[in-house]
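Q: Sending over a structure as structure tokens; questions will come in a sec.
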Amino acid sequence: MIAKNMEFLVKNSSAIRAMFEEGKKMAAEVGPENVFDFSLGNPNVPAPEEVGQAVRDLINEGDPVSLHGYMNNAGFEDVRQKVAENLNRRFGTSFAVRNILMTVGAAGGLNVILKALLDPGSEVLVFAPFFGEYRWYVQNHGGVLVTVPAELKKFQLDLESAEKLITEKTRAVILNNPNNPSGVVYSEETIRKLSDLLVRKEREFASSIYLISDEPYRELAYDGVEVPYLTKYYHNAVIGYSWSKSLSLPGERIGYLVLPDELDGAEEIQSAAVTANRILGFVNAPSLIQKVVGNCLDAEVNLAFYDQNRKALCEGLKECGFSFVKPEGAFYLWLKSPVEDEKAFVAAAKKYHILLVPGSSFACPGYVRIAYCVAYEKIQRSMDGFRKLAAEYGLC
Ligand code: PLP
């Protein structure tokens, strides 16, 4: 017998598995080259050369005992120092070793900071559309997820609704920029307004409201669009970063949290987060890959690859008559379903072997997500199916 509250989660995972199985079945029927699977956010650009080189150098030249051994639960000091210096150079911040905690990806980092901050019943505000896993991360630590409805004009933030939903129990706000699933980058103006709102609400409730910035896509921004660095705008901002997408290392499980000295109760939060990292069973972020990323802080994935896909997809879908939000970051395109029931639209797309994710998975029905981290050739070849799909709905 499994725990009651796992029953729903297991059912949910089997729905995802069912989609995966469906894709495999489709591939067996029509050939994998004819299945256009836009459902997964798995990077398919290889990690930069420097990563492989750093692995080889460390294995060949590093001290194997310390390379593979336990270290401080916060991570290797030299790596944390390099991360702090890199951030200070890029964003004009003044972080030190104590402000950086190496984590098991962004997911690990989010669970660590939520474990450190939430009491039973603490409320965590999220803005739709949002990465569905937040629901479970908040629930993991006894929190209550409060969803701010989507701002449907530009997919920035509906701060009027947020204002009404913040209460004395609001302990944290999670913001994901660039955004999965919308591909939108929240602008500096939006961030300033959000920060003003949170400062106002902290005064009203005499509370601390922590803004957790979930940034696995920070480096994936196009056309020179700036992604504001939140610690510069708000005193209670925590940054959660990962190299899953920026260096195409999702399986390596490596990221970090920035816990600035400006946080209310900074010292306590820094040590609570280190303890959380230990007692959640992570103990520390994987050792070898910590050293690797520490030696590759200036390496970059080939962004041009995603950009080429983004442009081809935008052009093609526009010609078909679809409406969508202009993607500025990450590798997702947020398409308006031509019918209210976007699940019916997702089902219709399958006829053309196009796999999409319904917006309701991200608390925003009426839209679908297209993950364009696929081969360019797949985008080109999928257009015939998209055209037929659009024709079915009278769009072209
Ligand atoms: N946050 C968002 C918005 C994501 O899209 C993802 C992964 O897709 C994560 C967090 C988890 O990232 P990681 O693989 O670094 O744990």
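The values are calculated or read from the model by the stated rules, or taken from the named source; none is laboratory data. Model, not experiment: these values are computed from the prediction. Note: ideal-geometry Cβ built from the backbone for every residue, glycine included; neighbour counts use all protein chains shown. The area values use the complete protein model at the heavy-atom level, side chains included, leaving out ligands, DNA and RNA. Shrake-Rupley method; radii C 1.70, N 1.55, O 1.52, S 1.80 Å.
Q: I need the full set of residues from segment 234-244 which are touching a strand residue (DSSP E or B) at 6+ places or on another chain (Cβ under 9 Å) and either part of a loop (DSSP other than H, G, I, E, B) or more than 13 Å from the ligand (Cβ to nearest atom) (or both), in order please. First the steps, then the outcome.
A: Quick first cut of segment 234-244, residues touching a strand residue (DSSP E or B) at 6+ places or on another chain (Cβ under 9 Å) only: 234, 236-244.
Across segment 234-244, the qualifying residues are 234, 236, 237, 238.
Q: Which one is least open to solvent (accessible area, probe 1.4 Å), of the residues in segment 140-165 that are in a helix (DSSP H, G or I) and more than 16 Å from the ligand (Cβ to nearest atom)?
A: Step one: list which residues in segment 140-165 are in a helix (DSSP H, G or I), which gives 140, 159-165.
If we keep only those that are more than 16 Å from the ligand (Cβ to nearest atom) too, we end up with 159-165.
Working: 159: 31, 160: 139, 161: 28, 162: 1, 163: 64, 164: 159, 165: 57 Å².
That would be 162.
Q: Of the residues 198, 194, 280, 230, which single one is within 16 Å of the ligand (Cβ to nearest atom), surrounded by 20 or more Cβ atoms within 10 Å (Cβ to Cβ), modelled with pLDDT of 95 or more and not small (Gly, Ala, Ser)?
A: Working: 198 fails: within 16 Å of the ligand (Cβ to nearest atom); 194 fails: within 16 Å of the ligand (Cβ to nearest atom); 280 fails: surrounded by 20 or more Cβ atoms within 10 Å (Cβ to Cβ).
Being within 16 Å of the ligand (Cβ to nearest atom), surrounded by 20 or more Cβ atoms within 10 Å (Cβ to Cβ), modelled with pLDDT of 95 or more and not small (Gly, Ala, Ser) holds for just one of 198, 194, 280, 230, which is 230.
Q: Please give the number of the condition residue 258 fails out of (1) away from the ligand (no atom under 14 Å from the Cβ); (2) under 20 Å from the mean Cα position of the chain (by Cα); (3) over 18 Å from residue 294 (Cβ atoms).
A: (3)
Q: Out of segment 105-132, which residues are within 24 Å of residue 262 (Cα to Cα) and outside any helix (DSSP H, G or I)?
A: The answer is 118, 119, 122, 123, 124, 125, 126.
Q: Hey, among 52, 23, which residue is part of a helix (DSSP H, G or I), in contact with a strand residue (DSSP E or B) (Cβ under 6 Å, 6 or more places away or on another chain) and of a type outside the set (Lys, Arg)? Break it down stepwise before answering.
A: Numbers: 52 fails: in contact with a strand residue (DSSP E or B) (Cβ under 6 Å, 6 or more places away or on another chain).
Just one listed residue meets the conditions, 23.
Q: What are the pairs, 6+ residues apart or on separate chains, where a residue within segment 379-392 that is acidic (Asp, Glu) has its Cβ under 8 Å from a residue that is outside any helix (DSSP H, G or I)?
A: 384/352
Q: Please verify whether segment 331-352 includes one or more residues that are more than 28 Å from residue 155 (Cα to Cα), open to solvent by 40 Å² or more (accessible area, probe 1.4 Å), touching a residue at least 12 places away in the same chain (Cβ under 8 Å) and among the aromatic types (Phe, Trp, Tyr).
A: Yes: one or more hits.
Q: Okay, moving on. How many residues does segment 61-84 hold that are closer than 23 Å to residue 246 by Cα, in contact (Cβ under 8 Å) with a residue 40 or more places away in the chain and assigned to a helix (DSSP H, G or I)? Break it down stepwise before answering.
A: First pass over segment 61-84, keeping only residues closer than 23 Å to residue 246 by Cα: 74-84.
Checking the rest, the ones that are also in contact (Cβ under 8 Å) with a residue 40 or more places away in the chain come to 74-76, 78-80, 82-83.
Imposing the further condition that a residue be assigned to a helix (DSSP H, G or I) reduces the set to 78-80, 82-83.
Of the residues in that region, 5 qualify.
Q: Residue 292 passes all but one of (1) open to solvent by 50 Å² or more (accessible area, probe 1.4 Å); (2) assigned to a helix (DSSP H, G or I); which number fails?
A: So the condition that residue 292 fails would be (1).
Q: Can you tell me which residue within segment 201-227, out of those that are farther than 19 Å from residue 183 by Cα and buried (at least 20 other Cβ atoms within 10 Å of the Cβ), is nearest to the ligand (Cβ to nearest atom)?
A: Going through segment 201-227, the residues farther than 19 Å from residue 183 by Cα turn out to be 201-211.
Right, trim to buried (at least 20 other Cβ atoms within 10 Å of the Cβ) and you get 209-211.
Working: 209: 20, 210: 17, 211: 15 Å.
Among residues in segment 201-227 that are farther than 19 Å from residue 183 by Cα and buried (at least 20 other Cβ atoms within 10 Å of the Cβ), the one nearest to the ligand (Cβ to nearest atom) is 211.
Q: Among what's in segment 316-337 and is among the charged types (D, E, K, R) and under 25 Å from the mean Cα position of the chain (by Cα), pick the residue that is nearest to the ligand (Cβ to nearest atom).
A: Going residue by residue through segment 316-337, those that are among the charged types (D, E, K, R) are 318-319, 326, 328, 336.
If we keep only those that are under 25 Å from the mean Cα position of the chain (by Cα) too, we end up with 326, 328, 336.
Numbers: 326: 19, 328: 15, 336: 21 Å.
Among those residues, the one meeting the criterion is 328.
Q: Another question about this same structure. When the residues of segment 361-383 are narrowed to those that are of a type in the set (S, T, N, Q) and modelled with pLDDT of 95 or more, which ends up least open to solvent (accessible area, probe 1.4 Å)? Steps first, answer last, please.
A: Filtering segment 361-383 down to residues of a type in the set (S, T, N, Q) leaves 361, 380, 382.
Then keep just the ones that are modelled with pLDDT of 95 or more; that gives 380, 382.
Details: 380: 102, 382: 0 Å².
Checked segment 361-383; the qualifying residue least open to solvent (accessible area, probe 1.4 Å) is 382.
Q: Of the residues 9, 58, 87, 40, only one is aliphatic (A, V, I, L, M), in the same structural domain as residue 368 (by TED's automatic domain parsing), touching a residue at least 60 places away in the same chain (Cβ under 8 Å) and not in a loop (DSSP other than H, G, I, E, B); which? Step through it out loud before you land on a result.
A: On the way: 58 fails: in the same structural domain as residue 368 (by TED's automatic domain parsing); 87 fails: in the same structural domain as residue 368 (by TED's automatic domain parsing); 40 fails: not in a loop (DSSP other than H, G, I, E, B).
None of the other options fit; the residue is 9.
Q: Quick check on this structure: which one of 135, 98 is assigned to a helix (DSSP H, G or I), open to solvent by 30 Å² or more (accessible area, probe 1.4 Å), under 20 Å from residue 169 (Cβ atoms) and not aromatic (Phe, Trp, Tyr)? Give the steps one after another, and end with the answer.
A: Values: 98 fails: under 20 Å from residue 169 (Cβ atoms).
Answer to the selection: 135.
Q: Inside segment 249-269, can you point out the residues that are touching a residue at least 12 places away in the same chain (Cβ under 8 Å), farther than 16 Å from residue 79 by Cβ and open to solvent by 20 Å² or more (accessible area, probe 1.4 Å)?
A: If we filter segment 249-269 for residues that are touching a residue at least 12 places away in the same chain (Cβ under 8 Å), which is where we start, we get 249-250, 252-265, 269.
This time we only want the ones that are farther than 16 Å from residue 79 by Cβ, so: 250, 260-265, 269.
250, 261, 262, 264, 265 - these are the residues of segment 249-269 that are touching a residue at least 12 places away in the same chain (Cβ under 8 Å), farther than 16 Å from residue 79 by Cβ and open to solvent by 20 Å² or more (accessible area, probe 1.4 Å).
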